[in-house]
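A quick write-up on the structure given underneath.
The values are calculated or read from the model by the stated rules, or taken from the named source; none is laboratory data. Remember, predicted model here, so these are calculated numbers, not experimental data. Cβ atoms come from the backbone with ideal geometry, glycine included; neighbour counts cover every protein chain shown.
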Amino acid sequence: MLSSYLALIDDNALRSEFETFYFENRLKGMRAAYNVLNDKVLAEDALSEAFFKLAKCFQKIHSLPSHKLQAYFVITVKNTALNMLKKETHIETVEYDDELEHDELPEVDYSILKDCITRLGDTDREILYLRFELELNYSEIAAALSISETAARQRVRYAKSKLRKLLEKEGYHG
């Protein structure tokens, strides 16, 4: 399977880097997928799909610090597994309507911002991490999470809105 991922990467040095990443992180990815799916075969499928997604965008993200690249990978595995679980259990997902962007968040003290972010749910923290820390565009977020680009935009919008409300409770108004 590794060879099919490596075929997606043009540069030999990047292939070698991806191969190292693959061997160092496949067990971590398998655990993340299994924790969501509780099925070894489905977890392997989710892991394979996540590595495929990673290989497709590896040239852009390979230069991230190791811990950020691992976080990106685990988020991708987890969301791929969640999407597979939704399909397995026939849960319907509803896409949100696309609307105008909200204004950016107000300038706030870092410690207050960090505190407010930690009070958000995992999904909201992950989507903000992908958008603002990793600086991924909406199509890249959509690919990482196996959702549509419209849904990625809406998730970012909702997470920012929740964060904004928490900041307003702390006295910051933007």
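Scanning the range 123-140 finds no residues that are at pLDDT below 65, among the hydrophobic types (A, V, I, L, M, F, W, C) and outside the structural domain of residue 46 (by TED's automatic domain parsing). Within the range 109-140, the set of residues being without any contact (Cβ under 8 Å) to a residue 24 or more places away in the chain, of a type outside the set (D, E, K, R) and over 22 Å from residue 77 (Cα atoms) comprises 110, 111. The set of residues in the range 118-147 that are surrounded by fewer than 16 Cβ atoms within 10 Å (Cβ to Cβ) and of a type in the set (Gly, Ala, Ser) comprises 121, 139.
Looking at 87, 160, just one residue is modelled with pLDDT of 70 or more, closer than 26 Å to residue 54 by Cα, surrounded by 18 or more Cβ atoms within 10 Å (Cβ to Cβ) and not hydroxyl-bearing (Ser, Thr, Tyr), and that residue is 160.
Here's a check for you: in the range 5-25, which residue that is among the small types (Gly, Ala, Ser) and in a helix (DSSP H, G or I) is surrounded by the fewest Cβ atoms within 10 Å (Cβ to Cβ)? So that I can check it myself, show each step before the final result.
First, pick out the residues of the range 5-25 that are among the small types (Gly, Ala, Ser): 7, 13, 16.
Then drop every residue that is not in a helix (DSSP H, G or I), which leaves 13, 16.
Details: 13: 9, 16: 12.
Ranking the candidates gives 13 first.
Consider residue 15 carefully, then state whether it is modelled with pLDDT of 90 or more and either over 20 Å from residue 56 (Cα atoms) or outside the structural domain of residue 81 (by TED's automatic domain parsing) (or both). Against the criterion (modelled with pLDDT of 90 or more and either over 20 Å from residue 56 (Cα atoms) or outside the structural domain of residue 81 (by TED's automatic domain parsing) (or both)), residue 15 does not qualify. Of the residues in the range 121-137, at least one is assigned to a loop (DSSP other than H, G, I, E, B) and more than 21 Å from residue 54 (Cα to Cα). For the range 55-84, the set of residues classified as over 11 Å from the mean Cα position of the chain (by Cα), buried (at least 16 other Cβ atoms within 10 Å of the Cβ) and part of a helix (DSSP H, G or I) consists of 55, 57, 58, 61, 81, 82, 83, 84, listed by residue number. Only a single criterion out of (1) out of contact with any Lys or Arg (no Cβ under 7 Å at 6 or more places or on another chain); (2) surrounded by 19 or more Cβ atoms within 10 Å (Cβ to Cβ) is not satisfied by residue 32, namely (1).
Among all residue pairs at least 6 apart or on different chains, which show Cβ distances below 9 Å where the first residue, located in the range 149-166, is on the phi > 0 side of the Ramachandran plot and the second is surrounded by fewer than 19 Cβ atoms within 10 Å (Cβ to Cβ)? The qualifying pairs do not exist here.
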